[in-house]
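The values are calculated or read from the model by the stated rules, or taken from the named source; none is laboratory data. Small disclaimer: the values here were computed from a predicted structure and weren't measured. Using ideal geometry, Cβ is built from the backbone for each residue, glycine included, and neighbour counts are taken over all protein chains shown. Side chains are part of the model used for accessible areas, which takes the heavy atoms of the whole protein and leaves out ligands, DNA and RNA. Shrake-Rupley method; radii C 1.70, N 1.55, O 1.52, S 1.80 Å.
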Amino acid sequence: MIDLSPDEFRQLGYQAIDLLAEQLAAVRDLPARQPIAADLRGRLLEQPLPETESDPAALLKVFARDVPPYPMGNSSPRFFAWVNSPPAPLGVLAELLAAGMNPSVAGGDHAATYIEHAVLNWLKAIMTFPASAGAVLASGGSVANLIALGVMRHVKTGGSIRGQGFQDQTAPMVIYTSTQGHGCIQKAVEILGFGSAYLRKIPVDSGYRMNLDALRAQVQADRAAGLLPVCVAASAGTVNTGAIDPLDGIADLCVAEQLWFHVDGAYGGLGILVEPSLYKGIERADSLAIDPHKWLYMPVECGCVMVKDAQAMRDSYSLVPSYLRDDTAMPWFSEFSIQQTRGFKALKLWLVMQQIGVEGYRDLLRHDMVLAKSLQAKIRARDDFELVAAGPLSVTCFRYKRQGMADLDGLNRKLAETVQREGKAFLTTTELNGQLVLRACIVNFRTTEADLDILLDAIAEAGGRVPTGD
Ligand SMILES: Cc1ncc(COP(=O)(O)O)c(C=O)c1O
């Protein structure tokens, strides 16, 4: 039986909500992660195809036993890895409500469509983009960047990409990002057919920002070699250190060289709410990606792409079969991106952005940035750590060090693994200037000063257990 009576649905729903409320109550005290037992891993991986029906209440019990106790960890206040935030609890309920309605927000005259238009207008206003810009919600930053660069490709091929592909281009097109640009830019360049051989990774300055002189020189060198520079994909918050490229200078160069100016703000774009001066020039971008499932605390998935020239965005993706044509309503979102059937992602934004308000978000983001500064101060004050990079946002890169230990890369890799396994806190590593460093990113409204001490103590304690000479 697929359908449930309203009473059965209510009972199961209460069971599910109770489970979530218990997790919420425990999240501060539980370890960030706990190891999955080998037998559970095997059981989860190798379940037989269910041929016959099962009782939903029993299934929820199995879920409660086997799944939530082994989370990724990002709801914990001591989760510092990657850029994965906890979800706003109201956003979790919004996911349930959205699934309950289950519209396809491809477009058309129903409430969900207008809610997406409304939240996109809010996001454009925050990012200083005009209301006339084209925009859609996407699965995340990677797809938002891909959609934006797809519009760039359409414009830079004079629209012929859709019919001719790259077959009639006279010179290979070149795209520029920094050595710190996110991997999804390279993926997009590859998927869109430019080829990663034509993606230039421009060196960065001491603050890990794209070096403008090097960019200018590379563009000139490529032109001199008969190539066609078409786009700079700048970062407003790199994943490694939270660096923000010199957006205004890049915008000037893009105007002078007739390049498309794209900004990847998936991690850091929303920091404009707190430090607008760092983002000067973002308002001049042709396209922009941001990720509400990072710093707006939306449950995954929720990315967003905006393109100044809405018509170019529509021309890049619009393909309306006759059975879908509806010229009376607003243009369909499916004409502005890749997907046809689209989920009701806008509902979580609509509810949580009203719950918190822009002022509230400003406080939440500032809280993360202040904590990052505090972590950096703690690191500076200790002999057993060294600070490697402290971007303007909320990422800190650092190393544990101990007298007599030569292989600091190996030591820090081992410490990250130990801390992850033991679960008091969770952080990851990255590579900067050929060095392996610990990286702590704070996009977490639950993290407190005390959690920072727990993190540093967990690393130092694990470090103290490593025999000298190991
Ligand atoms: C700067 C930056 N760009 C793009 C992405 C990709 O976003 P997503 O993981 O949502 O696809 C990330 C993810 O961390 C990021 O930090």
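Under 25 Å of direct C-alpha separation, and excluding same-chain neighbours fewer than eight residues apart, Lys424 reaches these lysines: Lys294, Lys373, Lys378, Lys401, Lys414. Compactness check for region 139-215: Cα Rg over 2.2 N^0.38 Å is 1.18.
Let me know the charge dipole size of region 356-470 about its Cα centre in debye, to the nearest 20, where only the beta-carbon of Lys, Arg (+1) and Asp, Glu (-1) is charged. Walk me through the numbers before you get to the answer.
Values: 16 positive and 17 negative charges, 19 e Å.
It comes to approximately 100 debye.
Once neighbouring chains are kept in place and the probe is 1.4 Å, which whole percent of the accessible area of region 18-72 is contributed by carbon and sulfur? Accessible surface attributable to carbon and sulfur in region 18-72 totals 61 percent. In region 103-343, with Lys and Arg counted as +1 and Asp and Glu as -1 at Cβ, which of these residues, Gln258, Ala214, His117, has the Cα nearest the positive end of the dipole, that is, farthest along it? In region 103-343, that residue is Ala214.
Taking the 1.4 Å solvent-accessible surface of region 263-335 as the whole, the part contributed by carbon and sulfur is 52%.
Using the Kirkwood formula on the Cα atoms of region 103-343, what hydrodynamic radius do you get, in angstrom to one decimal? The answer is 18.1 Å. If R0 is 41 Å, the Cβ-Cβ spacing of Phe166 and His117 corresponds to a FRET efficiency of close to 0.75. Going by Cα centres, region 16-60 and region 177-250 are how many Å apart? Centre-to-centre distance over Cα atoms comes out at 43 Å. The largest accessible area among Val92, Val232 belongs to the first residue in Val92, Val232, and the rest follow in falling order (1.4 Å probe, all chains). Relative intensity of region 6-99 on a log10 scale, I(q)/I(0) at q = 0.19 Å⁻¹, equals -1.14, per a Debye sum over C-alpha point scatterers of equal strength in the absence of solvent. Taking Cα centre as origin and charging only the Cβ of basic (Lys, Arg, +1) and acidic (Asp, Glu, -1) residues, the dipole magnitude of the chain rounds to 940 debye. Rg and Dmax over the alpha-carbon atoms of region 357-465 stand at 14.1, 52 Å.
Quick check: from the Cα gyration tensor, does the chain come out rounded (a/c under 1.5), prolate or oblate? Note, shape of the chain comes out oblate. Karplus-based coupling profile of region 33-44, in residue order and whole Hz: 9, 10, x, 7, 5, 4, 5, 5, 4, x, 5, 5, with θ = phi - 60° in 6.51 cos²θ - 1.76 cosθ + 1.60 and x standing for Gly or Pro.
Based on Cα contacts under 8 Å between residues 6+ apart, region 357-465 shows a relative contact order of 26 percent.
Okay, which of region 122-140 sit inside 19 Å, backbone N to the point 7 Å along the Cα-Cβ direction of Gln354? From region 122-140, the list is 122-126.
How much length would be gained if the chain were fully extended between Glu431 and His110, taking 0.36 nm per residue of separation minus their Cα-Cα distance, in nm to one decimal? Write down the numbers at each step before the final one.
Values: separation 321, 0.36 × 321 = 115.56 nm, distance 4.78 nm.
Full extension from Glu431 to His110 adds 110.8 nm.
For region 253-324, the normalised intensity computed at q = 0.19, 0.23 Å⁻¹ comes to -0.88, -1.07 (log10 of I(q)/I(0), Debye sum over alpha carbons, equal scatterers, no solvent). Normalising the average separation of contacting C-alpha pairs (under 8 angstrom, six or more residues apart) by the number of residues puts the relative contact order of the chain at 21 percent.
Distance between the modelled labels on Lys373 and Glu301, one decimal in nanometres: 3.7 nm (7 Å Cα→Cβ projection).
Label-to-label distance, Ile36 versus Ala197, with points set 7 angstrom from Cα along the beta-carbon direction: 4.0 nm.
Could you do me a favour and compute the accessible area per residue for region 1-114, 1.4 Å probe, result in Å²?
Details: 7540 Å² over 114 residues.
Result: 66 Å² of accessible area for each residue.
With the charge dipole of the chain set up from +1 on Lys and Arg Cβ and -1 on Asp and Glu Cβ about the Cα centre, the Cα lying farthest toward the positive end among the listed residues Leu371, Ala25, Val305 is that of Leu371.
Could you state the accessible area per residue of region 357-465 in Å², with a 1.4 Å probe and every protein chain left in place? Please list the in-between numbers first.
On the way: 4410 Å² over 109 residues.
On a per-residue basis, 40 Å².
With a simple spin-label model that places each label point 7 Å from the Cα along the Cα-to-Cβ direction, the separation between Ser318 and Arg43 comes to 5.5 nm. With 0.36 nm allotted per residue and the present C-alpha distance subtracted, the Glu417-Asp383 stretch has 10.1 nm of extension available. Here region 103-343 is assigned +1 on the Cβ of each Lys and Arg and -1 on the Cβ of each Asp and Glu. Its dipole about the Cα centre then comes out at about 280 debye.
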